[in-house]
Amino acid sequence: MTSINTKLLKTLIVVDIIIILISVIFFDIKTLYNTQIGFISAALVMIASMISYRRMVNTAVEHNVITMDDSRDVIDKLEDPYDLYSEEIVEAEEKDLVETVKEEKKSLKENKRTLSQTIKDSKAAFSFYRLGAYAILVLGFLYLNRQGLLHIPSYILALSIPPMVIVIVFMMNKENHSQD
């Protein structure tokens, strides 16, 4: 485990302990169930998403897959995302409509992605970790609802805490690295 992962895990555990203490001291057991199921399932979804994304990026780096076009400057991409004001002037040739439609159909057929390319790109979206984490999220919600324990405000609050904690930890880590 890298240092950022351990720091992230420790921070999530500390925040969860604080949530448990606040729920037990100030609220009832129903709130404790909602906060714990919401917090744990949201944390699992975030961690699973980071793991699957990291694997996807590492695989792309290993296979030298370049998904970004570096031919234009970043500022040019922001100011002119569709390259409408490029300095290269393209002469528009007069063509009849039938030829133009045929050329467009041909280019669409050439740009079609195969099933294997689509599966390779969607591995991160359909990874076992993410699907399992989302299943836990859905099953936790259904359990709370079925048992009559669902308290929406505490559940939504608990769902929103792990993403905020993860963003804060990453921002603090980035600031620490920029100061070094």
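The values are calculated or read from the model by the stated rules, or taken from the named source; none is laboratory data. Just so it is clear, the model here is predicted, and its values are computed rather than measured. Every residue, glycine among them, receives a Cβ derived from its backbone with ideal geometry; neighbour counts consider all protein chains shown. Accessible surface is based on the protein model in full, side chains and every heavy atom, while ligands, DNA and RNA are left aside. Shrake-Rupley method; radii C 1.70, N 1.55, O 1.52, S 1.80 Å.
The requirement of being crowded, with 17+ Cβ neighbours inside 10 Å and part of a helix (DSSP H, G or I) is fulfilled somewhere in the stretch 147-155, by at least one residue. Selection of the stretch 156-180 for residues being open to solvent by less than 40 Å² (accessible area, probe 1.4 Å) and farther than 16 Å from residue 5 by Cα yields 158, 161.
For every residue, the table says whether it meets (1) open to solvent by less than 50 Å² (accessible area, probe 1.4 Å); (2) farther than 10 Å from residue 154 by Cβ.
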| position | (1), (2) |
| --- | --- |
| 2 | no, yes |
| 5 | yes, yes |
| 11 | yes, yes |
| 15 | yes, yes |
| 19 | yes, no |
| 25 | no, yes |
| 33 | no, no |
| 38 | yes, no |
| 41 | yes, yes |
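Taking first residues from the stretch 45-59 that are open to solvent by 50 Å² or more (accessible area, probe 1.4 Å) and partners that are of a type in the set (Ser, Thr, Tyr), the Cβ contacts under 7 Å between residues at least 6 apart in sequence or on separate chains come to 51/129. Residues that are among the hydrophobic types (A, V, I, L, M, F, W, C), in a helix (DSSP H, G or I) and touching a helix residue (DSSP H, G or I) at 6+ places or on another chain (Cβ under 9 Å) within the stretch 125-146 comprise 128, 131, 133, 136, 137, 138, 139, 141, 144, listed in sequence order.
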